Structures are given as C-alpha cells and as structure tokens.
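Below you'll find the structure, written out as structure tokens, and then a few comments.
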Amino acid sequence: MSTILEQFKAMGENAPKHVDIYVEKSMDILDRIHDLMEEEDINQRQLAERLGKKETEVSRWINGVQNFTLKTLCRLEEALGQDIIKVPKKRHVIARFISSGGTATKMKQSKPTVKARETNEVDTMELMAA
Amino acid sequence: MIATIEVLDTFNYSKVRFYTLKFEERHRTEFEDFVQRMMDNAMNAGNMTEISKWIEKIGQRGAEKHYFKHERAAEAIPLFYETEHPDSPFGIRLYAIRLSNSIVVLLNGDLKTADKAEDCENVKPHFRLANKVAKKLNDCLGDEIELRPKKIEFLHDDFHLEL
C-alpha cells in the first residue's frame, strides 16, 4: 500500500497535461525575467523605477502574489527591452533562386517553442536544386 | 519543543533533495501532516495537484530563488495556480525553506484565507514556524550543519532544533 506522500507525489506525476504545461511555462517565464534583469544588471527596485511603479507592486508581479496577465508581461517586456514570450507565427518563406538551374520552393517555418526562441529568430530558407 | 530534520526519500529528484521537520512528540512530520490534512478535503485536489507538480519541477530544474514566494526569512510554494480554489482566492500555501539550489526543507501549510499570512488563522502558525526554523537553521550554518550539493551535513550526531 502506498503512503500518503507517495500518493501526493503521484498526483503531480499523473497531473493533466495542461497543469504540467502551466507550471513549466510559469517557470520558463520566471527564468526569462530574471535572466533579463541580470543582463540589464538591475534589481527589483530599479525595474519598478523603469516601469514607473511602486516596488511592492512589481514584487507582486514577479514574486507570485498574482498570476501574470498579458498586460503585465507587455509592461515588463517594454521595461526590459526584450521579448519575454514570443508567439510563433505560421508563415511561408519563399526561397530565392540564387543559382542557375535552381528552383525556388516554399516551406513552412517550424514553430519555435519558448525555449527555442533565440535559435529561431533568423528566417530559414531552403533551396532545392533542380 | 525538540525537532529534527529528516530527508524526504519520496521526493529525491535529480537536482534537489527535499527535507522536512519532525517534532519529537508528534507522530507525523510537518510535511506529512500538511499533505494528510489537505488531501482529506476533496476541494483541495486541484491546488494539491499543482503543488505536487511544482515540487516535481523544482526537483528537476533546481531550486532557483525565483521559483519561490518570499515569506520573510522563509519561502512558500507555489508561485501561481492555474486552478482557483473553490473556498479562497489565495489557495493553499505550503511553507518551505530554500537552503540552496539543491536543498529545500518542506514544512507545513494550509488554505490561505487572507492577503497577509498574519491575518489568516489557518496559515499563521505555519508561517511563523517556517520563519522560526529558517532563522534557527541559518544560525546553525557552519557550526552545526554544512550544506553540500543535495545534502545537509550534520556535524553532530544528535543535531536537533529547540523551537
């Protein structure tokens, strides 16, 4: 018979996928905000100054008293000067015909994940030889 | 009251080892008491599932400071809930002490019914205990305990806290 702690652990392991995604994404966003603050070499107080907010209010945003709203994230992106979340767009990249005998083709760009953000920022082109 | 620090074997992950506190005269550890009491109420299922998931993810990713709520000298989880608790907008609060990126002491908690922990009769004793233990452990660092990767090294066999 499993103990109460084993049952509790199993609740997390067997949690619905959306719970897993929610916790994982929350942590990714927190990592991103703190990485950007480190990059900018600013603390919570200085971030609050950039936002024109009280430190206590900013603390509530980034220390988990309340969930992030889209508006909060946008304000933080503005203050930190970089994306915190990036939504992949479905688009077609038209490859250029650059060599004689080549044929231009279309390809769908793969959807970057939040984690893959940096590596997917450059448009990908694919050339197919005729 | 005399208390000791015990390893939570069930919650040993790649990046973090979790510990808890046990009072000498109590049958259950503080964390067991929290889990047992919260799981007795079916209304808590959503929040408890998410807390379990936060513990798992912290265990796998490392106990970064920003994954925890800061509660004076102690910490608490989780930072956010997806599921709102049917009885309180504040949800269940589990108090903890983050000693390093790889060592976390999980304590006790309850359903939080007021914005400030001191104004909530449910969580106030757990909030106070967490802060008391955090200060005591901090005082013991170096002389009585040392922090190794994923391990608290007790420098004396009879290590205990008087709370």
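For chain B, the longest principal axis of the alpha carbon atoms and the long axis of helix B:124-140 meet at an angle near 20°.
Is segment B:1-140 rounded, prolate or oblate when judged by the Cα gyration tensor, a ≥ b ≥ c being the square roots of its eigenvalues, rounded requiring a/c under 1.5 and prolate requiring a/b larger than b/c?
Working: a/c = 1.38, a/b = 1.18, b/c = 1.18.
It is rounded, given that a/c, with a ≥ b ≥ c, falls under 1.5.
What net charge do the residues around B:D87 carry, taking every other residue with its C-beta under 15 Å from that of B:D87, with Lys and Arg at +1 and Asp and Glu at -1? Mind showing how you got there, number by number?
Values: positive: B:R37, B:R93, B:K112; negative: B:D40, B:E84, B:D110, B:E121.
Charge balance near B:D87 sits at -1.
What would the Debye equation give as log₁₀ I(q)/I(0) for the protein assembly as shown at q = 0.12, 0.13 Å⁻¹, counting only Cα atoms as equal point scatterers? Normalising to I(0) and taking log10 leaves -0.84, -0.95.
Counting other Cβ atoms within 10 Å as a rough exposure proxy, the listed residues A:C74, B:C140 run A:C74, B:C140 from fewest neighbours to most. Under a model in which nothing but the beta-carbon of Lys, Arg (+1) and Asp, Glu (-1) is charged, the protein assembly as shown shows a dipole of about 1360 debye around its Cα centre.
Distant-in-sequence amide contacts of B:E71, defined by a placed amide H-H separation under 5 Å and a gap of 5 or more residues or a different chain, comprise B:A76. Relative contact order for chain B: 23 percent, from Cα pairs under 8 Å spaced at least 6 residues apart, divided by residue count. Here the scattering of segment B:61-122 is modelled by Debye summation over its C-alpha atoms, one equal scatterer each and no solvent; at q = 0.17, 0.28, 0.30 Å⁻¹ the log10 of I(q)/I(0) is -0.58, -1.26, -1.35. Under the simplified labelling scheme, the A:D31-B:T4 pair shows an inter-label distance of 3.7 nm, with each label point 7 Å from Cα along Cα→Cβ.
Summing +1 for each Lys or Arg and -1 for each Asp or Glu among the other residues whose beta-carbon sits under 9 angstrom from that of A:M27 gives -1.
Computed from the coordinates by the stated procedures, all read-outs in this text should not be read as laboratory data. What you see is a predicted model, and the numbers here were worked out from it, not measured in a lab. Counting neighbours? That spans all protein chains shown, and the Cβs are built from the backbone with ideal geometry, glycine included.
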